[in-house]
Amino acid sequence: MPGPSAEDRELLEYLDLLEEMQSACVAPDVISYNAAISACEKSGQWGRALAFLGEMRGRSVEPDVISYSAAIVACGSCGRWERAWQLWGEIRD
């Protein structure tokens, strides 16, 4: 049985990093979240990408175009086109 793919390992590394940051009382910034969302996109974890986008907003970290782009690609690559279009609409508003 093969182990996790390179993309899945990358995602796990970012999840560990975010957890370590929070444990050390270091608030993740937009760059940290963007890296995590991009890792989700690469590993096909569209739901987790959206969760990070929501977490950013909840922590008053303003998502930027990179945040939205990675989340849109994550949704689109998993066939979640309606959600991808909703995110596109959020960017335009």
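The values are calculated or read from the model by the stated rules, or taken from the named source; none is laboratory data. The shown structure was predicted, so the numbers you read here are calculated from the model rather than taken from an experiment. Backbone-built Cβ (ideal geometry, glycine too); neighbour counts: all protein chains shown. The protein model used for the area step is the full one, side chains on, heavy atoms only, and it has no ligands, DNA or RNA in it. Shrake-Rupley method; radii C 1.70, N 1.55, O 1.52, S 1.80 Å.
Quick notes on this structure:
- Stokes-Einstein, applied to the Kirkwood radius of the stretch 44-88 over Cα pairs at a viscosity of 0.890 mPa s and 25 °C, places its translational diffusion at 239 µm² s⁻¹.
- Net length available on complete extension from residue 30 to residue 57 is 8.7 nm, with 0.36 nm assigned per residue and the Cα-Cα distance removed.
- Given +1 at the Cβ of Lys and Arg, -1 at the Cβ of Asp and Glu and no other charges, the dipole of the stretch 31-93 around its Cα centre is 180 debye to the nearest 20.
- Figure note: 91, 37, 72 ranked by solvent-accessible area, largest first, 1.4 Å probe, ligands and nucleic acids not counted: 91, 72, 37.
- Kirkwood's formula applied to the C-alpha pairs of the chain gives a hydrodynamic radius of 13.4 angstrom.
- Rounded percent of accessible protein surface that carbon and sulfur make up, the chain, 1.4 Å probe: 55 percent
- In the chain, Cα pairs under 8 Å separated by at least six residues give a relative contact order of 24 percent.
- Charge dipole of the chain about the Cα centre (unit charges at C-beta), most positive-ward option of 47, 11, 58: 47
- Heavy-atom SASA rank of 64, 93 (probe 1.4 Å, accessible area, largest first): 93, 64
- Take the chain with all the other protein chains still there, run a 1.4 Å probe, and you get 62 Å² of accessible area per residue.
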